[in-house]
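Bear in mind that the values in this text are calculations on the coordinates, not laboratory data. Model, not experiment: these values are computed from the prediction. Reconstructed Cβ throughout: ideal geometry from the backbone, glycine too, with neighbour counts over all protein chains shown.
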Amino acid sequence: MKFEKDGLDLLREAVEHMESGFSHLPDVESQVDITALRDVLMEAAGRMQDNYPYFHPYYAGQMLKPPHPVARLAYMLAMWVNPNNHALDGGRASSRMEKEAVAELARMYGWETHLGHLTSGGTMANLEALWVSGKLNPGKKILASVQAHYTHSRISDVLHLDFEAIPCDSRSKMDVVALESRLTKGDVGTVVATIGTTGTGAVDPLPDILALRDRYGFRLHADAAYGGYYVLVDNLAEEAAAAYRRLGEVDSIVIDPHKHGLQPYGCGCVLFKDPAVGTLYKHDSPYTYFSSSELHLGEISLECSRAGASAVALWATQRLLPMTRNGEFAGGLASCREAALQLYRKLSTDERFLTMFEPELDIVIFAPRAGKSGDISRMSKALFDEAAANDLHLALFSYPAALLRGAWPGVVFEGETVTCLRSCLMKPEHQEWVERIWGLLGTAVDLIRR
Ligand SMILES: Cc1ncc(COP(=O)(O)O)c(C=O)c1O
């Protein structure tokens, strides 16, 4: 079996249960032509075969993780009502579910009070956090590391705030010496700490950045879109664990349930430590805020319409798998990290490969060994193709040569960047599949070295 389908029977039962809540209403004739529907659905299913198998452990490339069956089913269930979580007028039950689910996320960071909501994804969530930051520090600069997600500079542009990138150290983390030297020049309103970079999964040195905040006074935003859930896990190396222990001290956090939170796409989340920032959103809606004096989520969100179904899916997932340290959900994440460590150990002790540093979360960066960086880039691309031809799907990553010189002393560097391979081991099953992945990788690397 490739797809979990048993839940589809439960879906019918749940839809009928939901329908029974509306049984007092007169029936509405169905206008749907099932034959035509079938034809189109089959055509869509056929078209969707043209995808990498993101759901399978042999997909070990980009940052993609399948939703949990409960999330998929709860999302579909909600579709029969299709609530809009802009206002309680559009999604009463799902807005309440969103508030509960988001409060549970905030509690992961020790925040018993907070302001926050779901967004369409990490970019919108970061936009919102930086918008709030810009309102509180008008005209001041935003700093993030060169390895921060590329959207931070674009978001800053949208917000008409100057952005500056701070160099990274050889482990892809924000260089705090460079950060401090920039801070001494003044005019900085916000520092973005990336808690799990997109490229390598590196965790910026939060304790050092917090110490600099005490000295220089700036707003600190944590982009934990990918890494945020790792706060629940107990198998991190001490340096990363130290950052997670202090994550609750930042001013705002972005965490993406559609990355590690087992949700379908369209589910990011922004959290503010101080609920008072809600006053910055102040607006009135002549159309929607009528049915209740309770908070409408649209009153504290930049976006207007938002999928209530996302909230239903997240709420159901967290009901089944509570966000507790050492619970089943946390165990799944710990397996991802363990998978990444196992693969890293194999790669770093094998003469055919080059590695850089131990993964902090679950992303492994590596390359086929060669003497010149141009050959490494060429062989990485060849390995990517050869592995894919054998159903093992990896990703490519263009990494700054400057950050590699220390790790690869024997290599002659010929350009500014080196193309490496990147493997996000984001499925708990990856731990069991490491041996098979390693087997395919070994065969593929031998073929390209011939
Ligand atoms: C650290 C980080 N921040 C932000 C984003 C952007 O999130 P989204 O793609 O959900 O907009 C990503 C996406 O990979 C990310 O890894």
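Tally the DSSP beta bridges in the chain and give the antiparallel ones as a percent, rounded to 5.
60 percent
Using +1 at the Cβ of each Lys and Arg and -1 at the Cβ of each Asp and Glu in the range 328-448, identify which of Thr417, Leu341, Ile365 lies farthest towards the dipole's positive end.
Thr417
Take the Cα gyration tensor of the range 92-320, multiply each eigenvalue by 5, square-root it, and list the three semi-axes largest first, rounded to whole angstrom.
Calculated on Cα positions only, the semi-axes equal 29, 21, 14 Å.
In percent, what relative contact order does the range 328-448 have, based on Cα pairs under 8 Å that are 6 or more apart in sequence?
Averaging sequence separation for qualifying contacts and normalising by length gives 34 percent for the range 328-448.
Farthest toward the dipole's positive end in the chain, which of Tyr75, Ala87, Gly134, given Cβ charges of +1 (Lys, Arg) and -1 (Asp, Glu) about the Cα centre?
Positive-most Cα among the choices belongs to Gly134.
Counting only Cα atoms, I'd like the Rg/Rh figure for the range 256-337, Kirkwood definition for Rh.
Rounded to two decimals, Rg/Rh equals 1.05.
Could you list Trp315, Trp80 in order of exposure, starting from the residue whose Cβ has the fewest other Cβ atoms within 10 Å?
If I rank by nearby Cβ atoms, fewest first, I get Trp80, Trp315.
Pulled fully out, how much extra length does the chain show between Glu43 and Ala382, if you take 0.36 nm times their separation in residues and subtract their Cα-Cα distance?
118.7 nm
Report, in deg cm²/dmol and to the nearest 500, the calculated mean residue ellipticity at 222 nm for the chain, where each DSSP H run with n ≥ 4 adds -39500 (n - 2.57) and the sum is divided by the residue count.
Taken over the chain, the calculation gives -12500 deg cm²/dmol.
Taking every pair of alpha-carbon atoms in the range 328-448, what share in percent sits in each 5 Å bin, from 0 to the bin with the longest distance?
Spelled out bin by bin, the range 328-448 gives 2, 12, 22, 24, 19, 12, 6, 2, 1, 0 percent.
Can you compute the radius of gyration and Dmax for the chain, using only the Cα atoms, both in Å?
23.4, 77
If amide H atoms are built 1.01 Å from N in the plane of the peptide, which residues on other chains or at least 5 residues away come under 5 Å of the amide H of Ala193?
Residues meeting the criterion, in which the H sits 1.01 Å from N, are His221, Ala222, Asp223.
Please figure out what share of the DSSP beta bridges in the range 92-320 is antiparallel and state it in percent, rounded to the nearest 5.
Close to 40 percent.
In whole percent, what relative contact order does the chain give with Cα contacts below 8 Å and a gap of six or more residues?
Once normalised by length, the contact order is 20 percent.
What's the center-to-center distance, using Cα atoms, between the range 299-314 and the range 212-277 in Å?
20 Å
Based on Cβ point charges of +1 for Lys and Arg and -1 for Asp and Glu, what charge dipole magnitude is obtained for the chain about its Cα centre, in debye rounded to the nearest 20?
With Lys and Arg at +1 and Asp and Glu at -1, about 1060 debye.
Under a Cβ-only charge scheme (Lys and Arg +1, Asp and Glu -1), can you give me the dipole magnitude of the range 55-121 about the Cα centre, in debye to the nearest 20?
That gives a dipole near 160 debye.
Suppose we keep just the DSSP beta bridges with both residues in the range 328-448; what percent of those would be antiparallel, to 5?
Taking every DSSP beta bridge within the range 328-448, about 95 percent pair in antiparallel fashion.
For the range 92-320, calculate the relative contact order in percent as a whole number, restricting contacts to Cα pairs under 8 Å that are 6 or more residues apart.
In percent, rounded to a whole number, it is 27.
How big is the range 323-377 along each principal axis, measuring the range of its Cα positions in Å and listing the largest first?
Largest to smallest, the principal-axis extents are 47, 18, 12 Å.
When averaged across all projection directions, what area in nm² does the alpha-carbon convex hull of the range 84-124 cover?
Hull-based average projected area comes out at 3.2 nm².
Here is the link list: Lys173/Lys282; Lys65/Lys346; Lys65/Lys141; Lys173/Lys273. Which ones come out longer than 32 Å on Cα distance?
Lys173/Lys282; Lys65/Lys141, as the Cα separations exceed 32 Å there.
Evaluate the charge dipole of the range 92-320 about its Cα centre and quote only its size in Debye, nearest 20, assuming +1 on the Cβ of each Lys and Arg and -1 on the Cβ of each Asp and Glu.
220 debye
Would you kindly state the longest site-free stretch of the chain, with sites defined as GluC sites (Glu not before Pro) in a DSSP loop (not H, G, I, E, B) surrounded by at most 11 other Cβ atoms within 10 Å?
113-293
Counting other beta carbons within 10 Å of each residue's own, what order do Asp50, Asp33, Asp350 fall into, fewest first?
Going from sparsest to densest Cβ surroundings: Asp50, Asp33, Asp350.
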